[in-house]
1. Would you mind stating whether LEU276 is assigned to a helix (DSSP H, G or I), under 28 Å from ILE144 (Cβ atoms) and either without any contact (Cβ under 8 Å) to a residue 12 or more places away in the chain or more than 16 Å from the ligand (Cβ to nearest atom) (or both)?
2. Run down GLU284, GLU294 and say which single residue is modelled with pLDDT of 90 or more and assigned to a strand (DSSP E or B).
3. Consider ALA145 carefully, then state whether it is small (Gly, Ala, Ser), in the same structural domain as ASN41 (by the TED database) and part of a helix (DSSP H, G or I).
4. For region 275-306: of the residues being within 14 Å of LEU242 (Cα to Cα) and surrounded by fewer than 13 Cβ atoms within 10 Å (Cβ to Cβ), which is nearest to the chain's Cα centre (by Cα)?
5. Test LYS222 against the stated conditions and say whether it is on the phi < 0 side of the Ramachandran plot and free of Cβ contacts under 8 Å to residues at least 12 places away in the same chain.
6. I need every pair where a residue in region 51-65 that is β-branched (Val, Ile, Thr) has its Cβ under 9 Å from the Cβ of a residue that is not in a strand (DSSP E or B), sequence separation at least 6 or different chains.
7. So, in region 203-219, of the ones that are surrounded by 18 or more Cβ atoms within 10 Å (Cβ to Cβ) and under 14 Å from the mean Cα position of the chain (by Cα), which residue ends up farthest from the ligand (Cβ to nearest atom)?
8. Only one of (1) in contact (Cβ under 8 Å) with a residue 60 or more places away in the chain; (2) surrounded by 18 or more Cβ atoms within 10 Å (Cβ to Cβ); (3) within 16 Å of the ligand (Cβ to nearest atom); (4) not in a loop (DSSP other than H, G, I, E, B) fails for GLN140. Which number is that?
Amino acid sequence: MNSHVVEFQNACKIYPNGTEALKNITFKIERGEIVGLIGPNGAGKTTAVKSLLGLLKLSSGRVKLWGQDSYSLPMEFKKKTGFLLDDRGLYENMTVEKNMIFWAKVYAVDTRKVKGILERWDLWIKRKDLVKELSRGLKQKLAIAKVAIHDPLFIVMDEPTSNLDPVVRRQVVDLLKGFAGTDKTIIITSHDLYDIERVCTRIIMIRKGKIIADGSMEELKKQLGVRECVKIIVSTNVSDVLKKKLFKNYPIEKIRDKEILVPGDHFDTKKLVKFLVENDVGVERVESEKVTLEDIYIKIVKEDEE
Ligand SMILES: Nc1ncnc2c1ncn2[C@@H]1O[C@H](COP(=O)(O)OP(=O)(O)OP(=O)(O)O)[C@@H](O)[C@H]1O
């Protein structure tokens, strides 16, 4: 069976004012992937997501969900999707509990499950509050609880962790991480690259309506030629003579002010530390310097600008 859940084929979107938000986008997402859609403000992420959910019509090209045109997705498929967008899909003048009961009914979920869901998100005590009386963070939490109410197979979340306090943010990240290894397919857009890195198995980066990078963290690191480093922090200056010796005898990546960087993989750091000590260099500590998604993002944007 075809395991593509999402397929963009030469998708283009030009808004009536002439803005080209998507320029010939083509990619597929397989069942079980958790994709982070990232990129600068105005890159086209929300436009891509809304087209995928059938909320926007493309100017040309196609976007499919489970092989069906997403703009005319049959109801049986619609019911298998869950999404969190800007407007959150909550009724401001209804209570927390009534909102959830409403959505449970829409998705034909047993309304007796609502209590458990609200408890899980610590919202049961707020059940009698009107949504309009909730803080932004609590609204966001309720909207996320709503997205998962019918256990959808395909989930789209636009900025799920914005406005959340650290505890709730961790709760959301854990929920999303819990989907890894299941048959759920998820797309998350976010500017919070730390969350994306923790949750996603694949990153698609768009800029000015075009895909400029696509792959797992490991693949992106390889493509960009960046690697993890070990950082040796020293307390004394490294003389120019010693620097020369170091570059000659060790795979030194860089020597910065009181920091010596060597590649993290397969390198015997102990040998180098011993060498430094023998040459009267005080070694304070050794740390590993991880490459983050933020480092990758900045490098890709810079390269794309050139
Ligand atoms: N309804 C609209 N009419 C005209 N132009 C629009 C409309 N919606 C978005 N745009 C433009 O399309 C481009 C892509 O916008 P989009 O909202 O998809 O970007 P984004 O990557 O989601 O940005 P952000 O990270 O700021 O949310 C931007 O130039 C934006 O100004």
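The values are calculated or read from the model by the stated rules, or taken from the named source; none is laboratory data. Since this is a predicted model, take the numbers as computed values, not measurements. Heads up, the Cβs are rebuilt from the backbone with ideal geometry, glycines too, and the neighbour counts pull from every protein chain shown.
1. No; evaluated as a whole, the condition is false for this residue.
2. On inspection, the qualifying residue turns out to be GLU284.
3. Considered against the rule, which asks whether it is small (Gly, Ala, Ser), in the same structural domain as ASN41 (by the TED database) and part of a helix (DSSP H, G or I), ALA145 comes out as yes.
4. Within region 275-306, the match that is nearest to the chain's Cα centre (by Cα) is GLY282.
5. When the stated conditions are applied, LYS222 passes them.
6. VAL63/ALA48; VAL63/SER51; VAL63/LEU52; VAL63/GLY54; VAL63/SER70; VAL63/TYR71
7. Across region 203-219, the extreme among qualifying residues is MET217.
8. Exception for GLN140: condition (1).
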